[in-house]
Amino acid sequence: MGGLVAAVRARELGADVLVLEKGDRPGGSMRLSGGYAWRYREWDRFRDECPGGDEALQRLVWEHFDSGLAWLRRQGAPILSEDTGNPLTTGVRLDVDRLSSVLAKQAGDVRFREPLTALPDGVPVVLATGGFHAGRELVRRHITPEADELVLRGNPWSAGTGLELGLAAGAGLSAGMDEFWGRAMPAPPAVVEPAGYRSLGQTYARFARVVNERGDEYRPRSWSEIDVAQWIARQPRGRAWFHVRDDALAERVRDRTVAEMIESAREAGAPVERAEGETVVEVVAGITTTLGGLAVDTSARAADGIWVAGADAGGISTGGWASGLASALVLGLVAAESALGHAE
Ligand SMILES: Cc1cc2nc3c(=O)[nH]c(=O)nc-3n(C[C@H](O)[C@H](O)[C@H](O)COP(=O)(O)OP(=O)(O)OC[C@H]3O[C@@H](n4cnc5c(N)ncnc54)[C@H](O)[C@@H]3O)c2cc1C
């Protein structure tokens with residue numbers, strides 16, 4: 001998303017733009033997403049939820065999100081709902097399929113299946129390759145030695161090109177290189193395909209007893225259960241088991257009951273067992289997007305001639321989770337404006 005936003009904004013400012021896209025379609029992970037673009041309603045809540053994030057960058061995203069959304073509406077962004085369904089947050093639900101087409105159309109020269117592999121000389125560059133969730137060795141190096149056990153829950157193309165090119169050009173690393181946004185997902189032999197990235201999420205750890213194979217227990221801390229996914233990723237064999245008592249099966253998380261989520265895991269082929277008064281579901285961590293990346297300043301600049309947007313820029317939601325679509329939107333706009341000398 002960050003790259004398309006930067007391209008559209010740069011063209012609006014009069015630049016000639018070339019977008020190199022590794023994938024065979026526009027929209028990256030944005031297109032697979034739920035489309036909820038949001039910020040915390042309260043600034044203090046943002047800081048409490050993501051205490052390790054760079055405060056100046058958080059301010060930038062939090063203060064510019066509403067005007068960014070207004071810009072996106074002016075581009076013709078299709079909105080499915082004017083509400084996020086989460087009382088902690090304010091924002092919208094975007095129609096991500098149509099938005100991808102709308103932005104790609106206005107981004108000008110977009111070349112599919114043409115990955116960026118080296119930085120061009122003499123022109124400003126906006127790196128927006130979506131982080132490194134699909135780069136197994138980078139995930140192993142920065143996040144967990146159990147990288148092989150993680151299931152992919154984001155686009156297959158974001159393997160860390162932006163990170164590597166940025167570092168080679170002199171950029172630094174952000175805080176939180178070991179953090180990622182993800183979900184507990186049904187364990188193999190379940191197969192998790194893109195169509196199931198959202199519907200197979202097992203987001204009821206708060207109603208379960210969460211244990212690893214040694215019997216160590218984990219108590220969820222965050223409303224988003226991002227901490228649960230990160231904990232699972234670091235356990236032996238990247239596995240955990242959710243023990244759900246029968247009286248918790250009717251509990252709801254957004255529009256689904258715990259029983260429905262368990263049923264989706266069973267149908268997908270995950271090990272789901274009945275025990276005395278409880279159901280036990282084996283889960284692994286699904287990795288959606290990385291939260292650490294290149295360090296940028298509030299003009300989205302990472303190094304000479306290099307600006308960064310989206311998940312390639314790290315250190316915004318460190319310690320928790322804040323909308324990746326929101327930071328891709330705001331940093332995309334800021335990166336284009338700064339690269340062209342239009343910064344505030
Ligand atoms: C299932 C799912 C649900 C989600 N739900 C939400 C949600 O409701 N709300 C929210 O805020 N966030 C959500 N997210 C996260 C959100 O989609 C991301 O945070 C956001 O898309 C990040 O934007 P980006 O521009 O960094 O990456 P992307 O949108 O993934 O774009 C990166 C692009 O870079 C391309 N690329 C990679 N490498 C190269 C290369 N070498 N050369 C050229 N191109 C390259 C990729 O193909 C991709 O098109 C969800 C993600 C998923 C997968």
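What follows is calculated from the coordinates using simple rules that are stated; it is not laboratory data. Keep in mind the model is a prediction, meaning the values are calculated, not measured. Here the Cβ is made from the backbone with ideal geometry for all residues, glycine too, and neighbour counts use every protein chain on show.
Peptides 171-177, 3-9 ranked from most to least packed give 3-9, 171-177, packing being the mean of other C-beta atoms within 10 angstrom over each peptide's residues. Each residue of segment 206-216 was assigned a 3J(HN,Hα) from its phi angle through the Karplus expression (A = 6.51, B = -1.76, C = 1.60, θ = phi - 60°), giving 5, 9, 10, 9, 9, 10, 9, 6, 8, x, 5 Hz with x at Gly and Pro. How much net charge surrounds R113 when only other residues with a Cβ under 12 Å from its Cβ are counted (Lys, Arg +1; Asp, Glu -1)? My count for the surroundings of R113 gives 0.
With viscosity 0.692 mPa s and temperature 37 °C, the Kirkwood radius over alpha carbon pairs of the chain converts through Stokes-Einstein to a diffusion coefficient of 162 µm²/s. Placing +1 on each Lys and Arg Cβ and -1 on each Asp and Glu Cβ, with no other charges, gives the chain a dipole about its Cα centre of roughly 400 debye. Please give me the summed charge of the neighbours of P156: other residues whose Cβ is under 12 Å from its Cβ, Lys and Arg +1, Asp and Glu -1. Net charge around P156: +2. Counting only DSSP beta bridges whose two residues both lie in the chain, roughly 80 percent are antiparallel.
Net charge of the neighbourhood of P194, taken over other residues with C-beta under 10 Å away and scored Lys/Arg +1, Asp/Glu -1, is +2. A cut-off of 5 Å between modelled amide H atoms, ignoring neighbours fewer than 5 places along the same chain, links A190 with A270.
Peptide packing: for 274-282, 146-154, the average count of neighbouring Cβ atoms within 10 Å per residue gives the ranking 146-154, 274-282, highest mean first. As a rough guide to protection, the peptides 48-58, 195-205 ranked by mean Cβ packing within 10 Å, highest first, stand as 195-205, 48-58.
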